[in-house]
Amino acid sequence: MKKPKTNSSPEQDGRASLSPASRVGRVRGPSNGSPGRNRPTGFMGRARGAVARGSSPELLCLGAWLIQISAAFGAELSDGANWPAFRGPQARGVAEGSKVPERWNVEKSENIQWKTPIPGLGHSCPVIWGDKIFVTTAVLATGNADLKIGLYGDIGSVNEQMKHSWVLIALSKADGAILWKTTAHESVPRVKRHPKSSHANSTPTTDGKRIVCIFGSEGLFCFSMDGKLLWQTDLGPLDSGYFVVPTAQWGFASSPVIHGDRVIVQCDVLTNPFLAAFDLSTGKELWRTPRSDVPTWSTPTVATRDRRSQILVNGFRHIGGYDLENGKEIWKLKGGGDIPVPTPIVSDDLVFITNAHGKMAPIYAIRLGATGDITLADNQSSHPHVAWSMNRRGNYMQTPIVVGDYLYCCNDAGVLACYHAKTGEPQYSERLGPGGSGFTASAISADGKIYFTSELGAVYVVKAGPKFEVLARNELGETCMATPAISEGTLFFRTRNHIVAIAEN
């Protein structure tokens, strides 16, 4: 049995050895973070070749457009090494063609490749480009941050009136060694957090040349692949408190999205909510569109159809799609749960949006070509722009997942429901584990298996398909709030204190 590599903490007390952005540690591997084997092959490679050789005008036009799409979705068109954003390419949560382990044992080191301590507290997910992993965290100047998990109704805030350091960390994918750490910001947090939350909820994103992080009220930051600060933007205080009780500050959670040469951020907050695009190279704000919604914690998704890219956003009063180029609204829909968290996902020209809390917990399957106000009447469950919908059984925390022909929705109590994605026909509704354990991390899938992670660190491996079958239950041994990542047959979990790499030995 292969013995896993356990990387020791840089300090005995568990806090980070923080270095400013101007003093970043040495980086291993290619400076641009791209693996050497990611060469263009197949049809995309031939399209680039046609452009280079100067083929017919029609083929040149098609080739140029395909190259543009390839640049926007480069990670999705790669060989599976890259997991560049929250829930991977296009936020689908699916790694095509990867063989991943079904079982492991942390205590016995079975299929555990390495385990590296991460200081501070953060619920951001690991993202991967080439041979590097990137993750963010928020570190208290003294002591350790408290975290309260489980199913409970507290709406109050954690009062941590002391200095924090917001840190971006790069690790080696091969052995978990920390390559560098850079401190983006140091201050007392402008906005408090929920007891189950952290001050580093938002997942970073990368295009292989830059890494973009948002730390809520502390700002939007862009780094080079070796951790040098390229630009930063102060977005002001972003108070994502519960609108029913505005004094209950819960912290920011929406993650940035890179699409081509733009960074998209959704800032649904109590005062002046907005959606905005920034130039990836310079940080210049390109446009800002006001949003008529209450605070949300959802990450947007970008989808392209008929050469038009639109930004898809979740919401309570204002679910919608916006033109990537200018921020103008394409369609909108009213009616949702009043604490929107899940990210919109796209499969077969359908946009799946779900949320919960309050009077509704809907699931919507919206056609990607929708325009105008597509709000359903009280007696409607579908119309030309909405393929199907239901008012109940939507997700509260987790983003749903589509694998093959089926949509899977797991609620925060661990009840998993399966539907035919195109029709909404229910297939089953079953509880994953014993009651009382919460589920916050979103599901991921590979090799015909779907991985659902409870807050207590139990990972349920479910067979994809219309019949409910739990293949395995594995323990991580720690609390887990973050959605895992997949790269080249390895699962990467971010637990309360570690990044853990799991693969067949």
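Every number in this text was worked out from the coordinates using simple rules, so none of it is lab data. Just so you know, these numbers come straight off a predicted model, no measurement behind them. Reconstructed Cβ throughout: ideal geometry from the backbone, glycine too, with neighbour counts over all protein chains shown.
Enumerate the pairs (first residue in the stretch 232-256 and at negative phi and in contact (Cβ under 8 Å) with a residue 24 or more places away in the chain; second residue anywhere and among the aromatic types (Phe, Trp, Tyr) and not in a loop (DSSP other than H, G, I, E, B)) with beta-carbon separation below 7 Å, excluding pairs fewer than 6 apart on the same chain, so at least 6 apart or on different chains.
What qualifies is Gln232/Phe221; Thr233/Phe278.
Taking the stretch 248-263 only, how many residues are among the hydrophobic types (A, V, I, L, M, F, W, C) and within 14 Å of the chain's Cα centre (by Cα)? Working first, answer last.
At the first step, the residues of the stretch 248-263 found to be among the hydrophobic types (A, V, I, L, M, F, W, C) are 248, 250, 252-253, 257-258, 263.
Checking the rest, the ones that are also within 14 Å of the chain's Cα centre (by Cα) come to 252-253, 257-258.
Summing the residues that are among the hydrophobic types (A, V, I, L, M, F, W, C) and within 14 Å of the chain's Cα centre (by Cα) in the stretch 248-263 gives 4.
Select from the stretch 96-113 the residues that are of a type in the set (Gly, Ala, Ser) and either over 30 Å from Ile311 (Cβ atoms) or surrounded by 23 or more Cβ atoms within 10 Å (Cβ to Cβ) (or both) and list them in ascending order.
Ser109, the sole residue that qualifies.
So, in the stretch 237-264, how many residues would count as being over 23 Å from Ser157 (Cβ atoms) and not acidic (Asp, Glu)?
Final tally of qualifying residues: 8.
Just the residues that are more than 27 Å from Glu430 (Cα to Cα) and either buried (at least 20 other Cβ atoms within 10 Å of the Cβ) or without any contact (Cβ under 8 Å) to a residue 12 or more places away in the chain (or both), please, taken from the stretch 470-495.
First pass over the stretch 470-495, keeping only residues more than 27 Å from Glu430 (Cα to Cα): 487-490.
Listed by number, the residues that qualify are Ser487, Thr490.
For the stretch 340-385, name all the residues that are touching a residue at least 40 places away in the same chain (Cβ under 8 Å), outside any strand (DSSP E or B) and among the acidic types (Asp, Glu).
Asp348, Asp349
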